[in-house]
Amino acid sequence: MQHPTDQDFQDLKRLLRYINGTLSYGLPISLGSLELHSYSDADWASDSSDRKSISGFCTFLGPNLISWTVKKQATVAKSSTEAEYWALSAAISEVIWLCRLAAELHLPQPSPTTIHCDNTSAIAIAKNPVFHA
């Protein structure tokens with residue numbers, strides 16, 4: 001910022017041209033509640049080459065999508081419950097971070113964030129306060 005070069009100026013022009021060309025792209029933003037809620041899912045052993053699961057989650061602030069991730073899991077899960085539990089864990093980490101960010105932005109969350117998961121076994125493990133190896 002203190003000593004911009006010609007390359008910096010060229011990069012800035014390229015970025016501004018890109019933004020100008022994609023103004024019609026984007027996600028719709030609607031008025032509504034400012035409460036966070038999230039959805040988590042995993043596809044157990046979906047990669048046929050290494051049998052690793054793919055997990056993903058998305059988080060909404062009211063009706064607006066604000067965060068999403070889809071990623072191959074680092075290790076092979078032994079069951080669909082384990083794959084779903086890892087996906088749920090990643091979603092929870094993201095929600096904790098977003099709750100802290102919301103608090104810094106003076107958007108307090110009046111109630112706990114709802115995280116939706118479609119695996120009853122993973123939900124049961126998550127609800128159990130006993131340590132799980």
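The values are calculated or read from the model by the stated rules, or taken from the named source; none is laboratory data. Here the structure is a predicted model, which means the values were calculated and not measured. When we count neighbours, we look across all protein chains shown, and the Cβ atoms used for this are built from the backbone with ideal geometry, even at glycine.
Quick notes on this one:
- Matching option when the condition is among the charged types (D, E, K, R), over 25 Å from Leu105 (Cβ atoms) and modelled with pLDDT of 90 or more, among Asp8, Asp50: Asp8
- Matching residues in region 99-110 - criterion: being in contact (Cβ under 8 Å) with a residue 40 or more places away in the chain and either in contact with a Lys or Arg (Cβ under 9 Å, 6 or more places away or on another chain) or surrounded by fewer than 18 Cβ atoms within 10 Å (Cβ to Cβ) (or both): Cys99, Leu107, Gln109, Pro110
- Of the candidates Leu15, Leu36, Leu61, Leu31, the single residue that is surrounded by 10 or more Cβ atoms within 10 Å (Cβ to Cβ), on the phi < 0 side of the Ramachandran plot and over 19 Å from the mean Cα position of the chain (by Cα) is Leu15.
- When each of Ile115, Ile66, Ile96, Ile54 is tested for being buried (at least 18 other Cβ atoms within 10 Å of the Cβ), of a type in the set (Val, Ile, Thr) and under 15 Å from the mean Cα position of the chain (by Cα), the lone residue that passes is Ile115.
- Scanning region 40-77 for residues that are farther than 15 Å from Ser89 by Cβ, free of Cβ contacts under 8 Å to residues at least 24 places away in the same chain and hydroxyl-bearing (Ser, Thr, Tyr) yields Ser46, Ser48, Ser49.
- Residues that are farther than 20 Å from Val70 by Cα, part of a helix (DSSP H, G or I) and among the aliphatic types (A, V, I, L, M), drawn from region 83-122: Leu101, Ala102, Ala103
- Contact map, region 12-31: residues that are of a type in the set (A, V, I, L, M) paired with residues that are outside any loop (DSSP other than H, G, I, E, B), Cβ distance under 7 Å, separation 6+ or inter-chain. Pairs shown: Leu27/Leu65; Ile29/Asn64.
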